[in-house]
Amino acid sequence: MNQFSLPDKPHQYQNFINGTYKTSISNKTFERESPGHGVTVGKYPLSTKEDTEEAITAAKVAFKSEKWSSLTGADREIIIRKAAGIIRARKKELALIETLESGKPISQALDEMEWAAGIWDYAATLARHIAGDVNTNVGSDMTAMMQKVPIGVVGMITPWNFPLLIISQKLPIALAAGCTAVIKPSEMTPGTTLLLGEILKEAGLPNGVVNIVAGYGDPVGVTLTESLDVDMISFTGSTEVGKQIVKSASVNLKKVELELGGKNPQIIFPDADIDALIDAIVFGVYFNMGECCNSGSRIIVHEDIAEEIENRVIEHSKDVKVGDPLDPSVKIGAIINKNQYDKIINCINSGIAQGAELKLGKDSGIDDNGFYISPTIFTKVQPHMDIAKEEIFGPVLSILTFKTAEEAIEIANNTPYGLSAGVWTKDLDTAMLMTRKIEAGTVWVNNWMSGYPEIPFGGMKQSGLGRELGPHSIDEYMETKSVLIKMGAKPGNWVKG
Ligand code: NAD
């Protein structure tokens, strides 16, 4: 029997401010319907500017008190690692919430909870590796210290597609650095982020260090980005909102770290291992219904093997099971909401209108139903077409062809984005040339979407600013303070020279 089912009644959530769960000052709530079932699954506080300001004040007071940053790295490690354990212990509950709110398949949500917990474990180790540096090479009477100090209050704003996973790419690392935080999850998927409050309390985090406020971009996100008391914004979401955030963050020149959209190419050379890449392409484009910044939504294949690749990808895509996200065997669940569903359908229609050939999906024999969209594949896509350049955020694959490596690079880079890319070839020279020329923060060679907490992730061009994960991610949340100490100080005379 499937142990995952719809709730009898919606889960009631509250904001988490200064260690306490509370309703919004407005006393109003908003609701979320499961996009796969049309059933209300959660009720959340409709937070106001005042709620957000209260959370910012709590984070600021906690930061100034140094109750978190003055702990030893070893003590911060213990608490962050405990949180990892609690996430793991509660993973079924957390995964179910995410599936109900987002429509993602339950089997995938379970994997994501493990992945998230793994990042908390990794971040715990970073807490013990903050050491700064010393320079004794600037004169025999001078010692310079480069101290690492936490940046302060970090506002974290997250999207709906991987709620707990994305906050886990930010929060534990900021905590390892000694920062405090105010978090605004997406209004579509706030559940698991709000539960982080009780998880962190149980792990032993002091009150006020992490505060979580549910609500809309305006006012909650805007209040965070415009606040003079927030020292940094770490944002994951659309490039469009990222640009707005940069503008409002200029009010106090707060640091901004951005993880934005992508239109990620995979270039396939004739010598590639075709058996290995077919499943990777299908996984890359339909994972999370294609609602993934890393979606491998553009295949750029050498014309000599294009027909074989197209036919095999189409055949394999027909076996991808679409349906109820609570069914453990489903691979494509529901699209997040009607707006996104309409946006994807419009993109598909624009592909048809601009002359690409629809080989699988809408209008080619597979029914679309409610917020469900089945695997959709276009061939004969030209680089100028919208479906070749714009992020669709749905299960839609565009296949383009190339003759020379130079042409492949030109097509791959013909987009404002630069998040990730893939190269399929057995030839080392070709692979290395491609990794140098492709404009992307991550390049996968003969695989797609591998990722580890140890390896940095982020985008070039309009896909982002800064990097998450990896050993240097902690530096994003720290300032370097240079301290210069003169030994045996002799009086100088600047006036007389
Ligand atoms: P979005 O930009 O619409 O919203 C993201 C968050 O910003 C939400 O919490 C939203 O409420 C908030 N927000 C909206 N307007 C705001 C404003 N003016 N000021 C402050 N906050 C505001 O993005 P989305 O639709 O939730 O997510 C999809 C997008 O996220 C896609 O473009 C995807 O590529 C991107 N994404 C990127 C990564 C990455 O790591 N690069 C990962 C996941 C998603």
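The values are calculated or read from the model by the stated rules, or taken from the named source; none is laboratory data. In this text, all values refer to a predicted model and were calculated from it rather than measured experimentally. Positions of Cβ are generated from backbone atoms using ideal geometry, with glycine treated the same way; all protein chains shown enter the neighbour counts. Side chains are part of the model used for accessible areas, which takes the heavy atoms of the whole protein and leaves out ligands, DNA and RNA. Shrake-Rupley method; radii C 1.70, N 1.55, O 1.52, S 1.80 Å.
Give the number of residues within segment 169-210 that are touching a Phe, Trp or Tyr at 6+ places or on another chain (Cβ under 7 Å) and within 12 Å of the ligand (Cβ to nearest atom).
Summing the residues that are touching a Phe, Trp or Tyr at 6+ places or on another chain (Cβ under 7 Å) and within 12 Å of the ligand (Cβ to nearest atom) in segment 169-210 gives 5.
Quick check on my filter: what residues within segment 267-276 are outside any loop (DSSP other than H, G, I, E, B) and surrounded by fewer than 24 Cβ atoms within 10 Å (Cβ to Cβ)? Before you say what the answer is, go through the steps one by one.
Let us first name the residues in segment 267-276 that are outside any loop (DSSP other than H, G, I, E, B), namely 267-268, 274-276.
Result: I274, D275, A276.
So R81 fits all but one of (1) without any contact (Cβ under 8 Å) to a residue 40 or more places away in the chain; (2) among the basic types (K, R); (3) assigned to a helix (DSSP H, G or I); (4) over 27 Å from L228 (Cα atoms); what number is the exception?
It fails just one condition, (1).
Report, by residue number, each residue of segment 419-436 that is of a type in the set (G, A, S) and over 23 Å from L260 (Cβ atoms).
Listed by number, the list holds a single entry, A431.
If you go through segment 205-222 one residue at a time, how many are open to solvent by 40 Å² or more (accessible area, probe 1.4 Å) and among the β-branched types (V, I, T)?
Within segment 205-222, residues that are open to solvent by 40 Å² or more (accessible area, probe 1.4 Å) and among the β-branched types (V, I, T) number 1.
Looking only at segment 57-88, count how many residues are in contact with a helix residue (DSSP H, G or I) (Cβ under 6 Å, 6 or more places away or on another chain) and of a type outside the set (A, V, I, L, M).
Going through segment 57-88 one residue at a time, the tally reaches 6.
For the subset of segment 14-51 comprising residues that are in a loop (DSSP other than H, G, I, E, B) and in contact with a Pro (Cβ under 7 Å, 6 or more places away or on another chain), which member is nearest to S102 (Cα to Cα)? Quick ask: steps written out before the conclusion?
Filtering segment 14-51 for residues in a loop (DSSP other than H, G, I, E, B) gives 14, 18-19, 23-28, 34-39, 46-48.
Retained after the next criterion (residues that are in contact with a Pro (Cβ under 7 Å, 6 or more places away or on another chain)): 14, 23-24, 36, 48.
On the way: Q14: 19, T23: 23, S24: 23, G36: 8, T48: 24 Å.
Restricting to residues being in a loop (DSSP other than H, G, I, E, B) and in contact with a Pro (Cβ under 7 Å, 6 or more places away or on another chain), the top hit is G36.
Does E240 fit the bill of being within 15 Å of the ligand (Cβ to nearest atom) and either outside any helix (DSSP H, G or I) or assigned by TED's automatic domain parsing to the domain that holds N294 (or both)? Before you say what the answer is, go through the steps one by one.
Details: within 15 Å of the ligand (Cβ to nearest atom): yes; either outside any helix (DSSP H, G or I) or assigned by TED's automatic domain parsing to the domain that holds N294 (or both): no.
It is false that E240 is within 15 Å of the ligand (Cβ to nearest atom) and either outside any helix (DSSP H, G or I) or assigned by TED's automatic domain parsing to the domain that holds N294 (or both).
Answer yes if at least one residue in segment 413-436 is on the phi > 0 side of the Ramachandran plot and not in a loop (DSSP other than H, G, I, E, B), and no otherwise. Talk me through it step by step, then tell me what you get.
Of the residues in segment 413-436, the ones on the phi > 0 side of the Ramachandran plot are none.
No, every residue in segment 413-436 fails to be on the phi > 0 side of the Ramachandran plot and not in a loop (DSSP other than H, G, I, E, B).
Output the residues belonging to segment 75-89 that are under 28 Å from S34 (Cα atoms) and surrounded by 18 or more Cβ atoms within 10 Å (Cβ to Cβ).
A83, A84, I86, I87
Could you look through segment 219-236, keep only residues that are closer than 12 Å to S248 by Cα and assigned to a helix (DSSP H, G or I), and pick out the one that is nearest to the ligand (Cβ to nearest atom)?
Checking each candidate, the answer is G221.
Under 9 Å between Cβ atoms, at least 6 apart or on separate chains: pull out the pairs that start in segment 229-253 with a residue that is open to solvent by 70 Å² or more (accessible area, probe 1.4 Å) and modelled with pLDDT of 95 or more and end on any residue that is among the polar types (S, T, N, Q) and more than 11 Å from the ligand (Cβ to nearest atom).
V251/S227
I need a count of the residues in segment 1-57 that are hydrophobic (A, V, I, L, M, F, W, C) and either more than 30 Å from V209 (Cβ to Cβ) or in contact with a Cys (Cβ under 7 Å, 6 or more places away or on another chain) (or both). Write out each step before concluding.
Within segment 1-57, the subset hydrophobic (A, V, I, L, M, F, W, C) is 1, 4, 6, 16-17, 25, 30, 39, 41, 46, 55-56.
Filter once more, so that each one left must be either more than 30 Å from V209 (Cβ to Cβ) or in contact with a Cys (Cβ under 7 Å, 6 or more places away or on another chain) (or both): 1, 4, 6, 39.
Looking only at that region, the number is 4.
Can you find even one residue in segment 409-422 that is among the small types (G, A, S), open to solvent by 10 Å² or more (accessible area, probe 1.4 Å) and under 27 Å from the mean Cα position of the chain (by Cα)? Outline the logic, then answer.
Our first condition is that a residue be among the small types (G, A, S); within segment 409-422, this holds for 412, 418, 420-422.
Next cut, open to solvent by 10 Å² or more (accessible area, probe 1.4 Å) only: none.
The answer is no; no qualifying residue exists.
Report whether or not K67 is in a loop (DSSP other than H, G, I, E, B), in contact (Cβ under 8 Å) with a residue 60 or more places away in the chain, out of contact with any Cys (no Cβ under 8 Å at 6 or more places or on another chain) and more than 30 Å from L110 (Cβ to Cβ). Steps first, please.
Details: in a loop (DSSP other than H, G, I, E, B): yes; in contact (Cβ under 8 Å) with a residue 60 or more places away in the chain: yes; out of contact with any Cys (no Cβ under 8 Å at 6 or more places or on another chain): yes; more than 30 Å from L110 (Cβ to Cβ): yes.
It is true that K67 is in a loop (DSSP other than H, G, I, E, B), in contact (Cβ under 8 Å) with a residue 60 or more places away in the chain, out of contact with any Cys (no Cβ under 8 Å at 6 or more places or on another chain) and more than 30 Å from L110 (Cβ to Cβ).
Here is a yes/no grid of residues against (1) within 22 Å of I106 (Cβ to Cβ); (2) without any contact (Cβ under 8 Å) to a residue 60 or more places away in the chain:
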site	(1), (2)
I299	no, no
V313	no, no
S317	yes, no
K321	yes, yes
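Any idea which residue in segment 464-497 is surrounded by the most Cβ atoms within 10 Å (Cβ to Cβ), counting only those that are small (G, A, S) and touching a Lys or Arg at 6+ places or on another chain (Cβ under 9 Å)?
In this case the residue turns out to be S473.
Take segment 287-306 and flag every residue that is touching a Lys or Arg at 6+ places or on another chain (Cβ under 9 Å), assigned to a loop (DSSP other than H, G, I, E, B) and within 13 Å of the ligand (Cβ to nearest atom).
Across segment 287-306, the qualifying residues are E291, S295, S297.
Restricting attention to segment 270-286, which residues are in contact with a Lys or Arg (Cβ under 8 Å, 6 or more places away or on another chain) and either under 17 Å from T376 (Cα atoms) or of a type in the set (F, W, Y) (or both)?
Of the residues in segment 270-286, the ones in contact with a Lys or Arg (Cβ under 8 Å, 6 or more places away or on another chain) are 271-274, 278, 286.
I278, Y286, listed by residue number.
Would you pick out the residues in segment 377-395 that are open to solvent by less than 10 Å² (accessible area, probe 1.4 Å) and in contact with a helix residue (DSSP H, G or I) (Cβ under 6 Å, 6 or more places away or on another chain)?
As a first pass, look at segment 377-395 and keep what is open to solvent by less than 10 Å² (accessible area, probe 1.4 Å): 377-379, 381, 385, 387-388, 392, 394-395.
If the condition is that a residue be open to solvent by less than 10 Å² (accessible area, probe 1.4 Å) and in contact with a helix residue (DSSP H, G or I) (Cβ under 6 Å, 6 or more places away or on another chain), then I377, F378, T379, V381, I387, I392, G394, P395 are the ones that fit.
Write out, first by first residue and then by second, each pair whose Cβ atoms fall under 6 Å of each other, whose residues are 6+ apart or on separate chains, and whose first residue, in segment 339-361, is surrounded by 18 or more Cβ atoms within 10 Å (Cβ to Cβ) while the second is assigned to a helix (DSSP H, G or I) and of a type in the set (G, A, S).
Close Cβ pairs satisfying both conditions: L360/S317.
The rows are residues; the columns are (1) of a type in the set (S, T, Y); (2) over 30 Å from N288 (Cβ atoms); (3) open to solvent by less than 20 Å² (accessible area, probe 1.4 Å).
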site: K104; (1), (2), (3): no, no, yes
site: A109; (1), (2), (3): no, no, yes
site: W115; (1), (2), (3): no, no, no
site: A131; (1), (2), (3): no, yes, no
site: V138; (1), (2), (3): no, yes, no
site: D141; (1), (2), (3): no, yes, no
site: K148; (1), (2), (3): no, yes, no
